[in-house]
Amino acid sequence: MKKLFILILCLCMVSVTGFAGYRGYSIWKEKRFVKMARAFIVKGDGANAVLCLRQALVSNPDNLDACRLMADLAELARSPQAVLWRSRVVELEPNSLTVRLALARTAMAAGDGDLATKALDGVDETGRKTTVFQEMAGAAGPTAKRFSEA
């Protein structure tokens with residue numbers, strides 16, 4: 001009976017150690033890919049940066065840094081996916097004024113005034129008092145055909 005208990009205890013410890021090691025490796029790999037992507041961006045190699053960011057997002061789809069970098073790269077490439085990536089960043093960090101303003105700016109550049117207005121509608125009262133918000137709201141009004149609000 002004592003040998004069985006020790007065997008079960010050892011198996012449990014090996015399982016916990018294996019799981020913790022795998023999780024730690026996944027986190028390390030995710031951070032490493034984001035770091036590599038930043039290095040590729042500095043070198044001007046956007047294609048490899050995107051590949052690294054995709055790998056980081058496979059490890060963790062909720063990685064805020066990877067989503068933010070994907071949005072920046074898509075915006076630099078003038079890709080229509082920039083709006084999708086900015087929207088994803090807003091989903092992950094909904095209370096950030098700068099993230100919402102970036103989504104509104106990208107949506108206006110893509111000609112989607114409704115999404116820009118929707119992004120600005122989610123800004124809290126303290127954010128609405130800033131001049132940056134007021135400028136963006138004024139610019140988004142005509143794009144969304146809201147001339148009275150602009």
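FYI, it's all coordinate maths here, none of it is from the lab. Model, not experiment: these values are computed from the prediction. Every residue, glycine as well, gets a Cβ built from its backbone with ideal geometry; the counts of neighbours run over all protein chains shown.
Mind telling me which of 12, 52, 67 comes out most flexible in a GNM of the chain, alpha-carbon contacts under 10 Å?
Looking only at 12, 52, 67, the largest GNM fluctuation is found for 12.
Using only the alpha carbons of segment 44-129, what is the convex hull's orientation-averaged projected area in square nanometres?
Average of the hull's projected areas for segment 44-129 equals 5.6 nm².
What number does segment 1-90 give for Rg over Rh if you use C-alpha atoms and the Kirkwood radius?
1.30
Can you tell me which of 123, 14, 90 moves the most in a GNM of the chain? Springs connect C-alpha atoms under 10 Å apart.
Checking each option, the largest mean-square fluctuation is seen for 14.
Residue 42 to residue 129: extension gain in nm, 0.36 nm per residue of separation minus the Cα-Cα distance?
The residue 42-residue 129 span can extend by a further 27.8 nm.
Can you list the aspartates and glutamates whose alpha carbon is less than 18 Å from that of residue 129, not counting same-chain residues fewer than 8 positions off?
Counting by Cα, and skipping residues close in sequence, residue 129 has these aspartates and glutamates nearby: 121, 149.
If I histogram all Cα-Cα distances within segment 26-65 using bins 5 Å wide from 0, what percent of pairs lands in each bin?
Binned Cα distances yield the sequence 7, 32, 34, 18, 9, 1.
Which number comes out as Rg/Rh for segment 60-105 once both Rg and the Kirkwood Rh are worked out on C-alpha atoms?
The Rg/Rh ratio comes out at 0.93.
Please state the relative contact order of the chain as a whole percent: Cα pairs under 8 Å, 6+ residues apart?
12
GNM on the chain, C-alpha springs below 10 Å: top fluctuator among 118, 31, 43?
43
At a Förster distance of 30 Å, what's the computed FRET efficiency of residue 31 paired with residue 6, Cβ-Cβ distance as r, to 0.05?
So, using R0 = 30 Å, E works out to roughly 0.20.
Please state the shape class of the chain: rounded when a/c is under 1.5, otherwise prolate if a/b exceeds b/c and oblate if not, all from the C-alpha gyration tensor.
prolate
Which aspartates and glutamates have a Cα lying under 17 Å from the Cα of residue 43, excluding residues fewer than 8 positions away in the same chain?
Result set, ordered by chain and number: 72.
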